[in-house]
1. Convex hull volume of the Cα atoms in segment 107-221, per residue, in Å³?
2. Using a cut-off of 14 Å between beta-carbons, work out the net charge of the residues near Ala446 (Lys and Arg +1, Asp and Glu -1, Ala446 not included).
3. Residue by residue through segment 135-143, what is 3J(HN,Hα) from phi via Karplus (6.51 cos²θ - 1.76 cosθ + 1.60, θ = phi - 60°)? Round to whole Hz and write x for glycine and proline.
4. Could you work out how far helix 203-213 tilts from the main Cα principal axis of the chain, as a 0 to 90 degree angle to the nearest 10?
5. Enumerate the lysines that Lys212 could reach by cross-link, defined here as Cα to Cα under 20 Å, with residues fewer than 8 away along the same chain left out.
6. Which order do the peptides 281-288, 75-82, 150-157 take when ranked by the mean count of other beta-carbon atoms within 10 Å per residue, highest first?
7. Collect residues whose amide H, placed 1.01 Å from N in the peptide plane, falls under 5 Å from the amide H of Ser321; neighbours closer than 5 in sequence don't count.
8. Helix 386-401 sits at what angle to the longest principal axis of the chain, using alpha carbons and giving 0 to 90 degrees rounded to 10?
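Please treat every number below as a calculation from the coordinates, not as lab data. Given the structure is predicted, the values throughout are model-derived calculations rather than measurements. Glycine gets a Cβ as well: all are built from the backbone with ideal geometry, and neighbour counts include every protein chain shown.
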Amino acid sequence: MTQSNAPKRIAVIGGGMTGLAAAHELVTSGNNVKVTVFESGDRAGGVIQTVRKDEFLIEGAADNFITTSPVAVKLCHQLGLGDQLVGTTPGREGAMVMRRGKLEPIPAGFTVMAPSRIWPILASKILSPWGKLRSGVEYFLPRRREVEDESLKAFVCRRFGREMFDRLVQPLVGGIYTADPDRLSVAATMPRFMEMEKQYGSLIRGMLRERKARPKATANSRGARYSMFMTLNGGMSRLVDALVSSLPEGTLRLNSPVTDIVRDGVHWSLQVDDGKQPWEQFDSVIVAAPAGPASQLLSKVDVDAADEIAEIPYASCAVVSLAYKLDQVGEPLNSYGFVVPIAEDHFILSCSFSSLKYPGRAPEDSVLMRVFIGGACQSGLLRMPDSELMELAHWELCKTLRISGDPLMRHIKRQVHAMPQYHVGHNQRVQKIRDRLAAFPTLTVAGSAYGGVGVPSCIESGKRAAQQILAATEAPTDVWELRDPPVSRTDESSHSELRDETKRELIVH
């Protein structure tokens with residue numbers, strides 16, 4: 001079959017980290033493609049945004065990325081940012097956790113959900129004697145026979161008891177997902193620990209064995225393993241800017257929301273609300289938008305996939321940045337920040353000492369702190385106006401850190417419906433979505449809605465989507481053809497009406 005020499009046109013919907021990573025993978029692949037990234041807003045990067053205010057460098061969302069997955073570090077090197085990578089400032093004690101209003105160090109070797117060392121847990125003031133005894137019983141408990149997903153809370157309480165969950169696991173995991181632990185899927189968020197239970201019968205036993213295999217890496221960890229986190233000199237927006245600069249001129253189109261996707265033979269027609277031609281045709285499409293917009297866009301492609309995507313919920317939070325002179329702070333700042341259990345009945349989720357984690361964020365005589373408010377369990381607080389949220393954050397820090405006087409600087413960034421919530425059954429839902437969309441080899445979805453909320457996960461999701469599309473786009477059209485997906489809960493007549501409506505849309509436009 002004769003192939004045209006014209007480049008294959010690929011649309012990427014969404015200019016966040018996932019969409020930009022997908023576009024970068026496409027344009028650097030060496031394939032004959034022409035990529036267009038449609039971003040509905042006036043800037044790229046999604047939730048990632050670095051701003052300078054006075055003498056302070058402020059991150060509105062992620063301020064770093066984990067390096068256990070090499071994908072983000074590798075991308076930085078590919079973009080010429082290797083010499084701008086910055087690790088956490090050494091010499092601090094990791095994270096703290098609030099206990100009866102006071103901050104206590106997270107036991108050394110405790111990694112998110114389980115300890116790899118016994119003595120630090122026994123010596124810790126975070127758990128009561130009964131809580132320590134109950135958590136130690138985990139070593140002897142039998143593994144769960146059922147293979148079904150369960151909530152994070154149910155999993156931890158079953159293995160370690162309620163106190164370990166309330167005082168250690170919930171605040172640490174809550175700082176990552178801002179989620180309701182009663183609904184959060186352990187299979188989707190912490191699969192490593194589910195596998196550990198299956199393999200070793202006990203998380204403590206599994207952690208101890210892993211520690212023997214990797215003594216240095218595990219023994220020095222406390223809570224979130226900050227030694228494994230990195231950022232960029234000048235902030236995370238530098239990664240966004242470098243990705244945009246790596247794309248050919250005209251690839252990124254800002255203020256260009258896509259409002260509809262319809263099939264047009266073996267091609268895809270996109271309706272773009274940017275004041276230009278209303279419909280544009282592409283050979284392939286990557287939908288890297290959040291679940292809500294993605295569901296709407298796919299409603300005429302596959303209604304069942306669209307319905308499943310629509311069921312992925314999101315949470316919101318506010319990130320309040322406050323700066324103080326170091327001599328305003330009465331408590332010693334020996335850590336990178338602290339997390340707050342829901343059981344403490346406070347109004348903040350966590351606080352990160354940004355300028356102590358990474359250099360170049362504040363003058364040397366000052367400290368920049370980021371306070372997180374809201375999430376799935378305290379969403380009502382976000383009804384407060386910005387001024388009251390900033391005052392609430394300041395009041396909480398004054399109590400906890402014995403701060404005197406007013407902040408040198410205040411800044412707030414609301415992340416509205418920004419954190420996908422992986423409820424129990426999330427993995428099965430994502431598999432259903434993938435199965436439905438498998439009928440369309442030249443269309444796929446990507447992003448944090450489906451698996452992994454961190455920067456590396458978004459990059460990996462974008463890269464995988466690009467590779468999938470390249471494989472389908474470069475294949476001869478007689479190898480595959482767009483076909484109707486299998487009919488499931490939507491009856492055949494509804495599918496016929498939907499196809500007829502799609503045809504009418506193409507004729508009208």
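1. Residue-normalised Cα hull volume stands at 95 Å³.
2. +1
3. 5, x, 4, 3, 4, 9, 6, x, 5
4. 90 degrees
5. Output for Lys212: Lys198.
6. Listed from highest to lowest mean packing, they are 281-288, 150-157, 75-82.
7. Here Val371, His411, Ile412, Lys413 satisfy the definition.
8. Tilt relative to the chain: about 30 degrees.
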